[in-house]
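Below is one structure, written out as structure tokens; the observations come after it.
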């Protein structure tokens, strides 16, 4: 404890806090962009999986294979696979972009399954009733399925978002200067892990807790509506 207190003046400086601020923004950007892209692609793939047209069969097979594969591969493996794939192809991209692509793939796979689970809660009779009214697939989803499936999708989706913020720490393995990377860099400079990762812990909490509150608020609104 004495050593930690002695390090405080050297640790709590404007440049160091600015460094943490930059890492916070990088983590927020990486998490938000991955979740947003994952939600868009996830809804698209989940929708593909409920189609019946024969000409869409190859896309349905792709959607199933993509979802089942990436949900069962450790995120770190996906990150390194994407990283080394670009390296082998001699495509030079910033490490942030490489991490973003890998995290988008992971988020898409999990969100596809979340949305598909929401779709499955709607009784088949309602799908059939929409078909008898000459509703197309998109009309059925928009007017019948999604308004009811939200009650299942939203809570699970926000739980995933909160957990996924922590998965963004994997980007530090390829050199992205997010919170975990910065925490380790301070340890390498002789700062106590308690100080360095104590700040990292607080900043992750600042990121995830408001998101959890928003998810809880939306869940209560959906239940009461």
Worksheet, complete the sentence: Contour minus Cα-Cα span, residue 14 to residue 221, at 0.36 nm per residue, comes to 70.3 nm
Worksheet item: What distance in nm separates the simple spin-label points at residue 51 and residue 5, each placed 7 Å from Cα in the Cβ direction?
Response: 6.7
Worksheet item: Between residue 36 and residue 212, what FRET efficiency follows from the Cβ-Cβ distance if R0 is 22 Å, with the result rounded to 0.05?
Response: 0.80
Discussion item. I'd like the FRET efficiency for residue 89 and residue 25, computed as 1/(1 + (r/R0)^6) with the beta carbon distance as r and R0 of 35 Å, rounded to 0.05.
Written reply: 0.75
Discussion item. So for the chain, averaging the separation of alpha carbon pairs under 8 Å that are six or more residues apart and normalising by length, what relative contact order in percent results?
Written reply: 28
Worksheet item: Quick one: length gained pulling residue 73 to residue 97 fully straight, 0.36 nm per residue minus the C-alpha distance?
Response: 6.6 nm
Practice prompt. Work out how far the C-alpha atoms of the stretch 51-190 reach from end to end along every principal axis, then list the three figures in whole Å, largest first.
Written response: 68, 33, 21
Worksheet item: How far is the Cα center of the stretch 156-178 from the Cα center of the stretch 62-77, in Å?
Response: 17
Response to the item:
Quick note, the stretch 32-118: a/c under 1.5 would make it rounded; otherwise a/b > b/c is prolate and the rest oblate (a ≥ b ≥ c, C-alpha gyration tensor); here it is prolate
Discussion item. Run the simple label-point estimate for residue 133 and residue 44 please: 7 Å along Cα→C-beta, distance reported in nm.
Written reply: 2.8
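Just so you know, all these numbers are worked out from the coordinates, no wet-lab data involved. None of the values given here were measured: they were computed from a predicted structure. Cβ: placed from backbone, ideal geometry, glycine included. Neighbour counts: every protein chain shown.
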